[in-house]
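The block underneath contains the structure these notes are about, expressed in structure tokens.
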């Protein structure tokens, strides 16, 4: 029983990472109907920015303020990167056929991966966690502060995002753009600004995920975004792509499924399980768990 | 049209042939190739080996070179990937025309490159690949270190006799020939020494989250956990094991040896043990001279891979000198004839299976230092 509960904790904390990345996929898809394949690599860049910021604190007593600062700087940097990617890669082809944007996305992804190897070096780097390390023991179940941080941050950010989408004017504009881009433009919504904002938000969430996982694991490398990105994409599809609570739910399910597969079936199937779920969901419920066929989407 | 195609192919082939022959057969120098992981997951393996072999060839060149010629070492990076190792060796042989090849550390990558060297009849000396299959690839493939049959047995003996463990758990890399080989020998020998393997889990190189496997292992309450992996994963595993409240020491093989190990795992590694080829604490004058020279040249303490890189380069040079020629077959025969060569990592004799038989050293990790524990002689 202890083992089972411990695995559940492991799964939920891994799933929170997938959820944070999945939010970005889902938001961009909701607005542009575009699968932003470069999203996983933005997550990687976020982890590296966090790494370089926390290097400044090396030797200091670890503190949550430092960790938070590293995370915020990474989020800001990646928000900027997201806007740049949108402006120079996706906006020029926004009116072209869907396939064009998709291929552009793959191109941006390759650029970031290989650029990352060039700039950061191909060797993995190791995060010296800026946050103090604590452990919580509930019975035999151990929860580390890193695992708890990941979980709490993903819940808080999802809640903030939901609030923004449903309760603010910007959120209303995002929903309008998602509903119909041209009509929103005619109503005076500055669509370019809203789309840029969506990219900024999604990328910032990915950066938060990158810093959080780097503190928990603590290995980062320029290709780390590929597998996490793909699994988060599956999570977004599973929850219902375009649906914000769906991304959270999908992420948690994929995380738990993966950990249970490793623990109780075979570690070899670790990566296979997410894609098995993807195939199953596409066959039996293509709109995802929470997705409704073309209704409110952001 | 057809004729023109043929003509251009012929010209290209001729150029390629001319290019490939040119450097190796040059009158002034002997070109030796080395492939290794200068970047990637096991970057320190390749970097250390390269430093060791460079140091050896520098000394040889200063002492007048080989057969009256200077030695030129060409090092290719395989990015820690087996498929790149094959490409790197093909390039060294076909384009650079090397007379012999040094490499690799990781058995999976040596296994990818060995058939190419064997096919081209270019002798290959691996400084530190321990999987038995490597030298079984053919009679041109040699190693200057012990095999995993010996290493796995030493680890099992150390765990059972010195740590007095009865229950061991295993966590190994399922995609890595080295790790799979050590796991087999260890579990067999540990049982022979009266121990029991209570749980077993695997991972794949490149994984970074091991909590699920470790949680399963924890429920079996092992006294030690045997992790025959490479340092990147081992450091991460150690951290996550301590996070989950596992206090049992981790025990592993020479794949742990890296200056990065402590940087990755930190305090979580205190009290863990691994087997290795030599210890920097060894008081023998040969070892101390090597350590001092290396420190003077590179400003760091040499790990075992640097020491083996140094030994491999010197054994190869010695073989070329004895052969009196750079012909593959003659170097091969001279290598096979190596007896009681005084290396930094001990006295090296190549046996009939082209392996070296040497003692295994057990080290303990203590605050970033690898402290000598035990020397386990072969067959003892």
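The values are calculated or read from the model by the stated rules, or taken from the named source; none is laboratory data. Model, not experiment: these values are computed from the prediction. Backbone-built Cβ (ideal geometry, glycine too); neighbour counts: all protein chains shown.
Of all residues being surrounded by fewer than 18 Cβ atoms within 10 Å (Cβ to Cβ) and part of a loop (DSSP other than H, G, I, E, B) in the range B:164-215, which is nearest to the chain's Cα centre (by Cα)? Just the residue, please. Give the derivation first.
Kept after step one, since they are surrounded by fewer than 18 Cβ atoms within 10 Å (Cβ to Cβ), are these residues of the range B:164-215: B:164, B:166-167, B:174-175, B:184, B:188, B:191-194, B:196, B:198, B:200, B:204.
Then drop every residue that is not part of a loop (DSSP other than H, G, I, E, B), which leaves B:164, B:166, B:174-175, B:193-194, B:204.
Details: B:164: 29, B:166: 30, B:174: 18, B:175: 17, B:193: 28, B:194: 30, B:204: 19 Å.
Top of the filtered list is B:175.
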Please verify whether the range B:230-243 includes one or more residues that are surrounded by 24 or more Cβ atoms within 10 Å (Cβ to Cβ), modelled with pLDDT under 95, in a loop (DSSP other than H, G, I, E, B) and more than 7 Å from every other protein chain (Cβ to nearest Cβ).
yes
So which residues in the range B:59-79 are under 18 Å from residue B:178 (Cα atoms) and in contact with a helix residue (DSSP H, G or I) (Cβ under 7 Å, 6 or more places away or on another chain), if there are any at all?
B:78
Counted residues, the range B:169-203 - those being under 26 Å from residue B:126 (Cβ atoms) and facing chain A (nearest Cβ under 7 Å)
3
Residues that are at the interface with another protein chain (Cβ under 9 Å from one of its Cβ atoms) and assigned to a strand (DSSP E or B): does the range A:128-141 have at least one?
yes
Does residue A:239 count as under 20 Å from residue A:290 (Cβ atoms) and either crowded, with 24+ Cβ neighbours inside 10 Å or without any contact (Cβ under 8 Å) to a residue 12 or more places away in the chain (or both)?
yes
Does residue A:241 satisfy being assigned to a loop (DSSP other than H, G, I, E, B) and over 29 Å from residue B:265 (Cβ atoms)?
yes
One residue is enough: does the range A:91-102 have a residue meeting the conditions farther than 23 Å from residue A:234 by Cβ, free of Cβ contacts under 8 Å to residues at least 40 places away in the same chain, assigned to a helix (DSSP H, G or I) and within 14 Å of chain B (Cβ to nearest Cβ)?
no
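Just checking, which of A:5, A:55, A:34 is in contact with a strand residue (DSSP E or B) (Cβ under 8 Å, 6 or more places away or on another chain) and modelled with pLDDT under 95?
Numbers: A:55 fails: in contact with a strand residue (DSSP E or B) (Cβ under 8 Å, 6 or more places away or on another chain); A:34 fails: in contact with a strand residue (DSSP E or B) (Cβ under 8 Å, 6 or more places away or on another chain).
On inspection, the qualifying residue turns out to be A:5.
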Is there a residue being within 22 Å of the chain's Cα centre (by Cα) and buried (at least 19 other Cβ atoms within 10 Å of the Cβ) anywhere in the range B:296-303?
yes
Tell me the residue from A:67, A:77 that is within 19 Å of the chain's Cα centre (by Cα), at pLDDT below 90 and either loosely packed, with under 14 Cβ neighbours inside 10 Å or part of a helix (DSSP H, G or I) (or both), please.
A:67
Go through the range A:254-298 and report how many residues are buried (at least 22 other Cβ atoms within 10 Å of the Cβ), at pLDDT 90 or above and more than 14 Å from chain B (Cβ to nearest Cβ).
1
If you take just the helices (runs of 4 or more DSSP H) that sit entirely in the range B:281-378, which of them hold at least 1 residues that are touching a strand residue (DSSP E or B) at 6+ places or on another chain (Cβ under 6 Å)?
B:304-323, B:328-336
Going by what's in this entry, would residue B:38 be described as surrounded by fewer than 18 Cβ atoms within 10 Å (Cβ to Cβ) and modelled with pLDDT under 95?
no
Taking the range B:243-271 and keeping residues in contact with a strand residue (DSSP E or B) (Cβ under 9 Å, 6 or more places away or on another chain) and under 18 Å from residue B:199 (Cβ atoms) leaves B:244, B:245, B:246, B:248, B:249, B:250, B:251, B:252
Can you tell me which residue is farthest from residue B:209 (Cα to Cα) among those in the range A:1-59 that are without any contact (Cβ under 8 Å) to a residue 12 or more places away in the chain and within 11 Å of chain B (Cβ to nearest Cβ)?
A:1
Criterion first (at pLDDT 90 or above, closer than 30 Å to residue B:173 by Cα, buried (at least 21 other Cβ atoms within 10 Å of the Cβ) and under 20 Å from the mean Cα position of the chain (by Cα)) does residue A:247 satisfy it?
no
